[in-house]
Structures are given as C-alpha cells and as structure tokens.
Amino acid sequence: MKYCSTRNSKLNKTFDEIIIEGLAPDGGLYMPKSWPKININEITSDKNISYNELVTIILNQFVGDTIKNTELQQIAKKTYREFTHNKIAPLVKLKDNKYILELFHGPTYAFKDYPLQMLGNLFQYYLKKEDKKITVIGATSGDTGSAAIDACKNKDNINIFILHPKNKTSDIQRKQMTTIQSKNVFNIAINGTFDDCQNIVKSLFVSDDLKKITTLSAINSINWARIASQSVYFFWAYLQSLQYDKKVNFIVPTGNFGNVYAAHISGIMGLPINKLYVATNSNDIMHRTIANGDMSLKDVKSTISPSMDIQISSNFERQLFESLNYNSSDLSKLMKSFKDNNQYDLSGEIHDNLRLYYRSKGINDSLTSSTIKKYYEEYNYISDPHTATSLNILDELDNNDINIALACAHPAKFPESINDSIGIYPEQPLKLKEILDSEEKYINLSNDIESVKSYIIDNI
C-alpha cells in the first residue's frame with residue numbers, strides 16, 4: 001500500500017512514513033493511492049469473529065508489509081483489552097431496523113479512544129523499531145485531546161502537546177486532559193476557537209524551526225491511521241445487526257468530517273452502505289455544503305455539543321480530493337480559494353458527487369435538547385448532546401435499510417446539558433468522578449503561532 005498527498009498525487013510513501021509524519025510536507029493530507037477491498041461475505045460467514053480479529057483484517061490492508069500480521073494481532077489485542085464492554089463497540093437495538101452504535105466504552109468515554117489507543121500503540125511500535133523520538137502536536141474541541149493524551153502518556157519516546165480553546169470545552173472534557181500529570185504531556189489553552197487551535201497546529205507542521213530540532217507527528221484525524229482505525233467499527237456495527245440481506249445507513253455527528261469519512265471508506269472497501277447522514281449542530285458548514293454546495297465560513301457558535309463547534313472541517317479535503325479524481329492541482333486551487341475568500345461554491349459535478357454518498361441536517365441546541373428528552377421518554381435511553389444530533393435524524397428515517405446512529409460520547413461528560421434536558425444528572429463512571437477534584441496542569445497562551453512554538457521548543 002502506497003500513499004500520496006491531497007496536494008501532490010505523485011508522492012509515493014509507505015504507512016510507516018505517513019503515520020509518523022501525520023501531515024504531508026506540502027500541507028496536504030495523506031491518502032491511499034488505491035483502495036483495498038474487503039470480502040464482506042467472508043467476514044459475515046465467521047460467526048465468532050472478534051473485534052480484535054476484525055481490526056487486524058482491515059488494518060492489514062493499510063499497513064502493507066510495514067508490520068507482520070502476527071505483530072498487528074498483538075497490537076490490536078493490547079489496544080482494546082481495557083475497554084469496558086465485552087463487545088468493545090456494542091450495537092443497541094431501539095426498534096425494528098433502528099440502532100445505536102455505542103462508541104464510548106474506552107478509557108476516556110468517547111469514540112476517539114477507538115482510533116487513538118491504536119495510534120498510540122502503532123507509534124510505539126514504529127518508534128521502538130527505528131529508535132526514534134517524536135513530538136506529537138494536536139488540536140481538540142473536546143474529546144480528541146483527552147483520548148490522545150491517554151494513548152500517549154508515560155511513553156518515553158513521545159512528547160505530546162495538545163491545544164484546546166479556552167472555556168470552550170466542558171469542564172469534564174478539560175479536566176480529562178489537564179489532570180494527567182505525566183512528564184511527557186503538555187496542555188495549552190488558547191484564547192480562541194478550535195479552528196484557531198487547528199490553524200496553529202497546521203502552521204507548526206510546516207515550521208522549519210521545529211523541524212530542525214524534532215520530528216513532528218499529528219494525532220488529529222488528519223493522521224490517516226486514525227481514519228483507517230475508525231473504519232473498523234462501521235464493519236463491526238453491520239456484523240452485529242445480523243441483517244446481511246440489507247443495506248445500511250449510518251448517521252454520524254461530525255465537526256471535522258473524520259468519522260463520517262471513515263464510514264465512507266468502509267463503503268469503498270465493501271460495506272454495503274446506502275447513504276451516510278451527516279449531523280451537525282448550529283456550526284453547520286458541512287450541512288450547508290452537502291445540502292446546497294454552500295461552503296462558506298461563518299463565526300463559530302458555542303453550543304451544548306462543543307466538540308462540533310467547528311467551521312473548518314479538515315478531513316473534508318480528503319473527500320474533495322476524491323471527488324476531483326485525485327487531481328491535486330485542482331484541489332490545491334480550491335483550497336487556496338477557500339482560504340483566501342472564506343468560501344467556495346461547490347456546484348456542478350463536485351456537489352453531484354457528494355450527493356451520491358451523503359445527506360445532512362443541522363440541529364440547533366433546542367432541537368438537540370428536545371431529542372435527548374424524546375429518547376429518554378420513549379426508550380429510557382440517555383444520550384449525550386452530540387449523539388442527540390444523530391438521533392434526531394434517525395427518528396426521521398422511514399425505510400427498509402438498517403439505520404445506525406453513532407453514540408460518540410458518554411452522557412456523563414455533559415451533565416449540565418443532560419440535566420437541562422431531562423431533569424436528572426447521568427450517573428458518572430468512577431474514573432470521571434476521580435478527576436473532578438484533581439489538580440490541573442496547563443498553560444494559557446494567546447492565539448499566536450510564535451508563542452506556541454516557543455513553548456514547545458522550551459519543553460522538548
């Protein structure tokens with residue numbers, strides 16, 4: 001398996017190279033030069049297949065010969081052994097053909113654990129093999145940071161710096177990051193939005209000052225290993241449905257477009273997907289883009305689903321690259337126009353291509369809250385606000401397909417929003433209770449690339 005960049009289709013890199021680099025030197029995102037195929041009939045015929053076995057089957061398609069199959073099996077086993085549910089990612093049936101895929105049974109109670117625990121162990125494997133050290137830099141709107149820190153803490157060959165927007169995550173989300181006291185963990189609160197944090201991270205990756213003194217790596221979903229690892233649980237959901245004569249629709253809450261793009265590539269590989277439904281909050285650039293081609297930036301709004309308070313969805317670049325038939329020149333022109341003008345009209349063939357795969361809806365706070373209440377009253381099911389955006393769409397679907405909404409975070413991470421919606425506080429797992437009064441460790445910096453760069457240089 002070889003990889004190119006969205007900004008340079010002629011690149012020819014291996015998996016071990018792109019996982020360490022994260023972001024391509026030209027600022028583009030890595031993509032496979034060809035798509036592997038999974039024989040869905042072979043997978044569904046194995047009634048006893050485990051999540052770890054499925055991980056090995058799918059990731060083996062992407063790692064190529066950089067990891068032996070037996071070693072990949074051991075990494076998968078190590079990655080998911082501490083997840084709290086015996087099915088790792090259980091499928092909960094609501095009624096008839098409507099389900100919820102629960103992705104909050106990892107160490108930080110969010111879907112980011114599924115790819116990031118794997119990414120942390122893959123980092124460790126390649127770094128030990130090559131006797132290298134790296135500096136991991138990432139931006140988070142809430143859950144990525146805590147999952148990344150948990151995956152990388154106490155690893156001798158990694159320093160990790162995570163940027164989050166000050167006062168724009170939930171208290172629990174922040175404390176999951178800032179109460180980790182490991183010497184290799186550095187938390188930075190930025191006076192700005194998630195998009196500001198992400199822009200700083202992207203700028204740091206092309207900084208010659210940093211490149212001279214350290215090897216930089218990305219842990220955000222701009223790292224292809226994240227997307228590949230996330231594709232697994234879409235296959236896993238389908239297997240649990242036991243309805244192999246039907247097609248499946250996934251409803252995915254999204255901010256950065258990584259999770260829904262992982263669903264899309266699972267379809268390319270062989271999963272019988274009909275449509276992917278993109279659920280956004282009031283920061284609805286992805287809904288507007290998919291619905292009518294309106295790819296235009298607006299001010300970021302604070303919502304009760306803060307992990308989706310994003311306007312620049314980095315992984316959408318991968319979908320655009322694919323829609324442009326891997327034409328990196330056209331993609332670069334499009335992205336420059338978007339950067340210069342804060343908008344782009346995705347009309348014509350590109351928009352038609354998007355509509356082949358995606359549908360979308362923007363769900364405001366009021367509708368999010370009422371959806372939490374509806375599912376609690378009808379199914380005795382408590383969902384977090386991000387999950388509620390997908391459940392709102394699930395409620396509207398009337399078809400004969402398998403319809404699966406993604407539950408991306410434990411409701412206990414957003415207790416105030418849950419209480420406002422249904423009048424009760426969700427029960428907190430012991431691990432979350434323990435951090436509430438724990439000492440925090442982080443630094444507050446201005447929305448300035450040079451300030452962040454200096455801090456990183458001083459601490460690596």
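Each value in this text was obtained by applying a stated rule to the coordinates, not by laboratory testing. Quick caveat, the model's predicted, so the values are computed rather than measured. Methodologically, a virtual Cβ is constructed for each residue, glycine included, from the backbone with ideal geometry; neighbour enumeration extends over all protein chains shown.
Quick notes on this structure:
- In terms of packing, defined here as the mean over residues of other Cβ atoms within 10 angstrom, the peptides 392-400, 40-48 line up highest first as 392-400, 40-48.
- Orientation-averaged projection of region 1-146 equals 10.9 nm² [convex hull of Cα atoms, one quarter of hull surface area].
- The string of couplings for region 41-47 from the Karplus curve (6.51, -1.76, 1.60, θ = phi - 60°) is 5, 5, 5, 5, 6, 8, 5 Hz, one whole number per residue in order, with x for Gly and Pro.
- Equivalent-ellipsoid semi-axes for region 216-362 (Cα gyration tensor, √(5λ), whole Å, largest first): 25, 18, 16.
- The chain - share of DSSP beta bridges that are antiparallel (%, nearest 5): 25 percent
- Length-normalised contact order of region 50-120 in % [C-alpha pairs under 8 Å, at least 6 apart]: 24 percent
- Ranked packing of 445-455, 296-306, most packed first, by mean Cβ within 10 Å: 296-306, 445-455
- Long-range amide H partners of N274 with built H, under 5 Å: V248, N249
- All-pairs Cα distance distribution in region 300-452, expressed in whole percent, bin size 10 Å: 9, 26, 27, 25, 13, 1
- Note: relative contact order over region 251-354, using C-alpha pairs below 8 Å and six or more positions apart, is 29 percent.
- Residues whose amide H comes within less than 5 Å of that of G27, counting only those at least five positions distant or on another chain, are absent (H built at 1.01 Å from N in the peptide plane).
- Scaling against 2.2 N^0.38 Å puts the C-alpha radius of gyration of the chain at 0.91.
- With neighbour counts taken as other beta-carbon atoms within 10 Å, the residues H410, H105 rank, fewest first, as H105, H410.
- Working note: Karplus 6.51/-1.76/1.60 with θ = phi - 60° gives region 164-169 the couplings 9, x, 4, 6, 10, 10 Hz, where Gly and Pro are set to x.
- Highest average packing first - 204-211, 230-237, 11-18, Cβ atoms within 10 Å: 230-237, 11-18, 204-211
- Per-residue [θ]222 nm for the chain (sum of -39500 (n - 2.57) over DSSP H runs n ≥ 4, rounded to 500): -13500 deg cm²/dmol
- Neighbourhood net charge (14 Å Cβ-Cβ; Lys/Arg +1, Asp/Glu -1) for D294: +1
- In Hz, Karplus ³J(HN,Hα) per residue of region 92-98 (6.51, -1.76, 1.60; θ = phi - 60°; x = Gly, Pro): 9, 8, 8, 6, 6, 9, 10
- Relative contact order, percent, region 309-417 [alpha-carbon distance under 8 Å, six or more residues apart]: 17 percent
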